[in-house]
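Reviewing the structure listed below.
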Amino acid sequence: MAFKARGSENLEKILERPYPFDAVDAVKEKAVAKHGAGFIIDFGIGDPSDETPEEIREQCKKAVDARKTSGYPESIGSTEFREAVCSWMKKRSNVFLSKEEVIATYGAKYACFHIPLVFLNPNRGEVALIPNPGYPPYSDGTMLAGGKPYYLNILPENGFLPSFDSIPSETAKNARILFLSSPHSPTGQMYGKEKLQEAVDFCNDNNVILVSDECYNELFFGERPLSILEIANAEQCSIVLNSLSKRSMMTGYAVGFAASKNKDLLHAFEAVTRKSVQGVPSFIQDAAVAAWRDEAHCEKMRAEYSARIDALLPALKQLGCKVEKPAGTFYLWVEVPDGKTPMQLSEQLLVEKGINTVPGNLISHTFNGINPGEHFLRFAMVQSIEKTKEAAERLLK
Ligand SMILES: Cc1ncc(COP(=O)(O)O)c(C=O)c1O
């Protein structure tokens, strides 16, 4: 009999859900066969095509040579790394953190996925409250942990923000984690001070850990997004996650941090991190220090994304799509014209015009009979201004 590896029931739940880009990749193959790979303008995956700033790369190279013997890195992050994060949080948000309140992570994805494994008790039917659409590791981590995802549908009629009032009291009682990202990926909507206060109050009232994924909070086009630690009474219930992937175009470095004023919360996550992985490589921590200390590249990056968005929006509107400039992130959450599904429009754009996007329904869950992405396409504005202008021209041809 053939050997068959068995995973847990929780694993099956993750495997049942196809990777959203697989469906698009099949169509992409058709488009590549028709036009050639070089013709495709890819607004699919949210991975910046921009160079990591030179100063950061240089720091990384120097750090490799400075450490002739490699040695295991400090798993919670070097003192210098954690102090650089504290200085940045103070300068950016006027939030005081001590280095004991910060640990280095392999970027935000690692942290988002593992936090449910640390805090959810599957035997008690514990729940994670997850914005829908939202970053997939929130729900994948919850399912692997044996927790129950309860989705907060993000819809235009709610101003693209979750409604905490609509959470049934039984669900609120079993909830242990609330994930938030502001500005929100993929809608680009920002949580204002009042909405964040509502989230904090909800979490304090219901004994829920607020996981504030702030990895897009340097990508904004108007008001500066608030960190959750700028909100009254957030200190005990919150864990902040941040990362240099988007802020400093360092996706390949995979480095970020988790911070909390609540020692018990941070200690629990830190213990699991120390027991499961070695630390972020030292030369990457050193490069990260250079990144946290510099703001000029962030300003440049914001101006660049803003120009790209401005270049594409008019063409999308002329096509009959409903879309506004987002408050932040590099995503456009585009409502497709009536009579078309996002899959149809995505396929048409890819095969006819060589423009790759992600159908919103593939990155949203159907919950309470609604798939909040069923009328939307996501554009990740990660292509150069030249390619973005080219895409705008193709859309109108
Ligand atoms: C909301 C959100 N959080 C986290 C991440 C990933 O962060 P990192 O690259 O630091 O793992 C992404 C990546 O797209 C994201 O959209």
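Since every read-out is calculated from the coordinates, none of them should be taken as a lab result. These numbers were taken from a predicted model, which means no experiment stands behind them. Every residue, glycine among them, receives a Cβ derived from its backbone with ideal geometry; neighbour counts consider all protein chains shown.
Data overview
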quantity: Residue-wise HN-Hα coupling along the range 164-181, computed from phi with Karplus coefficients 6.51, -1.76, 1.60 (Hz; x: Gly, Pro); calculated: 6, 5, 7, 6, x, 5, 5, 5, 4, 5, 8, 6, 10, 9, 10, 8, 9, 9
quantity: The range 284-362: equivalent-ellipsoid semi-axes (sqrt of 5 x gyration tensor eigenvalues, Cα, Å); calculated: 32, 15, 11
quantity: Those Cys residues of the chain for which no other cysteine Cβ falls under 4.7 Å; calculated: Cys60, Cys86, Cys112, Cys215, Cys298, Cys321
quantity: Interchain or long-range residues, amide H under 5 Å from Leu152's placed H; calculated: Ile130, Asn132
quantity: For Ala175, residues with placed amide H under 5 Å, excluding near neighbours; calculated: Val127
quantity: Antiparallel %, DSSP beta bridges [both residues in the chain], to 5; calculated: 45 percent
quantity: GNM flexibility winner over the chain from Gly373, Gly279, Gly107 (Cα, springs under 10 Å); calculated: Gly279
quantity: Derived scalar couplings ³J(HN,Hα) [the range 302-307; Karplus, 6.51 cos²θ - 1.76 cosθ + 1.60; whole Hz; x for Gly, Pro]; calculated: 4, 4, 5, 5, 4, 5
quantity: Kirkwood Rh in Å, taken over the chain so that all alpha-carbon pairs contribute; calculated: 21.9 Å
quantity: Choice from Gln236, Gln344, Gln383 with maximal GNM fluctuation in the chain (Cα, 10 Å cutoff); calculated: Gln344
quantity: The range 56-293, relative contact order [Cα under 8 Å, separation at least 6], %; calculated: 28 percent
quantity: Choice from Ile309, Ile228, Ile40 with maximal GNM fluctuation in the chain (Cα, 10 Å cutoff); calculated: Ile40
quantity: Residue-by-residue Karplus 3J(HN,Hα) for the range 47-55, coefficients 6.51, -1.76, 1.60, Hz, glycine and proline x; calculated: 10, x, 8, 7, 6, 5, x, 4, 4
quantity: 222 nm mean residue ellipticity, helices alone, for the chain (DSSP H n ≥ 4; -39,500 (n - 2.57); rounded to 500); calculated: -13500 deg cm²/dmol
quantity: Size of charge dipole - the chain - debye, nearest 20, with Cβ of Lys, Arg +1 and Asp, Glu -1, no other charges; calculated: 560 debye
quantity: DSSP-defined beta bridges in the range 56-293 - what % are antiparallel, rounded to 5; calculated: 30 percent
quantity: FRET efficiency estimate (nearest 0.05) - Cβ-Cβ, Asp201 to Ala26, R0 45 angstrom; calculated: 0.50
